[in-house]
Amino acid sequence: MTTPNSTIRSVVLGIGSYLPEKIVTNDDLAKIVDTSDEWIRERSGIHQRHIAADGELTSDLALHAAKRALADAGIDAQEIDLIVLATSTPDNTFPATATKVQAALGINHGAAFDVQAVCSGFVFAMTTADALIKCGQAQKALVIGAETFSRILDWKDRATCVLFGDGAGAVVLGAEQGQGTNDDRGILASKLRSDGRHYDKLFVDGGVSSTQTVGYLRMQGPEVFKHAVKNISSVVLETLEIADMPISQVNWFVPHQANKRILDGAAKKLKLTPEQVVVTVDKHGNTSAASVPLALDVAVKDGRIKKDDVVLLEAMGGGFTWGAVLLRW
Ligand code: UT7
């Protein structure tokens, strides 16, 4: 399908990720809240998660991931003229964590800003960077998802503290000339959605303007679960429709890693085989905006995702927000 400006494609030139050293197992958590390894595995598919060290900030995780993505792309940081960083756990309320990463990379040209769409953040950031590349504002962009959710967890609330982890992932996107067809490499289509009527189903009970505190994550888990599979499958189908591509042409499904049961449900509804689904929730937990690029990096580095494969990214999170990105690797 040909769309306006579709000849400029945002192609992934490199990918990298970073996980904090400390691993916390389900058994470790069973020592601090009334839970069990069995419950967490059965209900969420999570076996362990990584937790940032004291003093290790979201910007530190982001910087590690960004450097690895730049090394993988084989380009110098000076070539980057846009940084879009997705996070709900910034170092400070402002400035944007992206500007800290920009300075740490020695870049003082172009633009850097944060995107806040909670767990959908990376999908929103990719779509934003793609739009800026397509309209000629940027040539090479770093798109990062980085989170320290451990800092906003109520470690006394067993319903939430067992589900999340810390980490970061990044890709380098570069502007390349395409033919305007689905044979092009790069982002082929994306679709972003939100519905603020669900604001209080997954939120942080503090904030600058409301309480002047940071607050803790609160979630009506079963309510979020109920919407997840439906929203994910509908936005994936909308994205495929924009590209006019049948799902049979998709090689890899890289979903937001919130719950193995949600991934299985969405894959089944979309008629994707379990082998096509990249699953890292067992090892990473839910790392919010970092989860998609972390999973993507695993599947690229272990050789599953290869050049020219069609990859479908999706996520859903607080707001609610949700979205999908279809790309040819
Ligand atoms: O990333 C953003 C998107 N987030 C998500 O997609 C998360 C969506 N929600 C979920 O993944 C699931 O709803 C959860 C994993 C959060 C919970 O699974 P569930 O099957 O929906 O369980 P539930 O909340 O209905 O709780 C079932 C029982 C309750 O006990 P009763 O009322 O049946 O006696 C809970 O109190 O499990 C209890 N429970 C726990 N038990 C042991 C809740 N948390 C725990 C726990 N350990 N950690």
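Worth a mention:
- Taken as a whole, region 222-233 holds no residue that is over 20 Å from Gln116 (Cα atoms) and in a strand (DSSP E or B).
- Selection status of Leu312, under 22 Å from Ala98 (Cα atoms) and either away from the ligand (no atom under 16 Å from the Cβ) or of a type in the set (Lys, Arg) (or both): no
- Restricting Ala30, Ala103 to those that are within 16 Å of the ligand (Cβ to nearest atom) and more than 18 Å from the chain's Cα centre (by Cα) reduces the list to Ala30.
- Taking each residue of region 115-129 that is among the acidic types (Asp, Glu) and looking for partners that are within 16 Å of the ligand (Cβ to nearest atom) with beta-carbon atoms closer than 8 Å, six or more apart or interchain, yields nothing.
- Checked against (1) more than 10 Å from the ligand (Cβ to nearest atom); (2) open to solvent by 10 Å² or more (accessible area, probe 1.4 Å); (3) among the small types (Gly, Ala, Ser), Ala290 passes all but a single condition, namely (2).
- Applying the criterion of being more than 9 Å from the ligand (Cβ to nearest atom) and of a type in the set (Asp, Glu) to the residues of region 39-68, the residue that is most open to solvent (accessible area, probe 1.4 Å) is Asp54.
- Filter result (closer than 27 Å to Lys22 by Cα and away from the ligand (no atom under 16 Å from the Cβ)) within region 116-150: Leu142, Val143, Ile144
- Extreme residue, farthest from the chain's Cα centre (by Cα), among residues of region 151-184 that are under 30 Å from Gln249 (Cβ atoms) and surrounded by fewer than 18 Cβ atoms within 10 Å (Cβ to Cβ): Gln179
- Filtered residues of region 129-143 (kept if part of a helix (DSSP H, G or I) and open to solvent by less than 40 Å² (accessible area, probe 1.4 Å)): Ala129, Asp130, Ile133
One line per residue, one yes/no per condition, for (1) of a type in the set (A, V, I, L, M, F, W, C); (2) over 30 Å from Ala125 (Cα atoms); (3) free of Cβ contacts under 8 Å to residues at least 60 places away in the same chain:
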site	(1), (2), (3)
Thr25	no, yes, yes
Ala53	yes, no, yes
Thr58	no, no, no
Ala66	yes, no, no
Ala71	yes, no, yes
Gly74	no, no, no
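- Scanning region 195-221 for residues that are of a type in the set (D, E, K, R) and part of a loop (DSSP other than H, G, I, E, B) gives Asp195, Asp205.
- So Val208, is it open to solvent by 70 Å² or more (accessible area, probe 1.4 Å), away from the ligand (no atom under 16 Å from the Cβ) and within 29 Å of Gln48 (Cα to Cα): no
The values are calculated or read from the model by the stated rules, or taken from the named source; none is laboratory data. From a predicted model like this one, the values you see are computed outputs, not experimental measurements. Methodologically, a virtual Cβ is constructed for each residue, glycine included, from the backbone with ideal geometry; neighbour enumeration extends over all protein chains shown. Surface areas here come from the heavy atoms of the whole protein model, side chains and all, with no ligands, DNA or RNA. Shrake-Rupley method; radii C 1.70, N 1.55, O 1.52, S 1.80 Å.
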